[in-house]
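First up is the structure itself, then whatever we jot down about it.
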């Protein structure tokens, strides 16, 4: 309002969908906000493009690698392109312990057959998995480790101040060594 007069501008749209008494009182700014929101909503729609359908492509791969600790790792797999996948992988450790997993994944789900001699394993059949273990049935001895000794940083500094360790070669350490 300027000088007691109403200075707002009202648009009168002669369209039958805007016959509501609430819509007739919208200001130009309100119309621009609504129009902007509609433009943003329309432009945010994704364009659906039909992708070409390609025929299924069968595949096959394999690898075998020696590990740094003297063990071995291998994997081979093949798929018919229609969802049926068969394969196996092998993990062999330096201590002679190993695992061979043969698997099938198809319309009936995932099924695996595991052959192992790893300690702590037993013959089991959980969840469509067959575990064939040739490991000895003796219990494992607990692993004991020595306590870790950590260097003690002197706390003769000011409370609330955080200290950081800086290498001697760092320019910020000059004058401290």
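Here are a few things to note about the model shown:
- Among (1) in a loop (DSSP other than H, G, I, E, B); (2) modelled with pLDDT of 80 or more, the one test that residue 131 misses: (1)
- Exactly one residue among 62, 88 is exposed (fewer than 14 other Cβ atoms within 10 Å of the Cβ), within 32 Å of the chain's Cα centre (by Cα) and modelled with pLDDT of 80 or more, and that residue is 62.
- Residue, nearest to the chain's Cα centre (by Cα), within segment 91-110, restricted to residues that are surrounded by 15 or more Cβ atoms within 10 Å (Cβ to Cβ) and under 28 Å from residue 54 (Cβ atoms): 105
- Some residue of segment 27-34 being on the phi > 0 side of the Ramachandran plot, exposed (fewer than 14 other Cβ atoms within 10 Å of the Cβ) and out of contact with any strand residue (DSSP E or B) (no Cβ under 8 Å at 6 or more places or on another chain): no
The values are calculated or read from the model by the stated rules, or taken from the named source; none is laboratory data. As the structure is a computational prediction, the values presented were derived from the model and not from experiment. In this analysis, Cβ positions are derived from the backbone assuming ideal geometry, glycine residues included, and neighbour counts consider all displayed protein chains.
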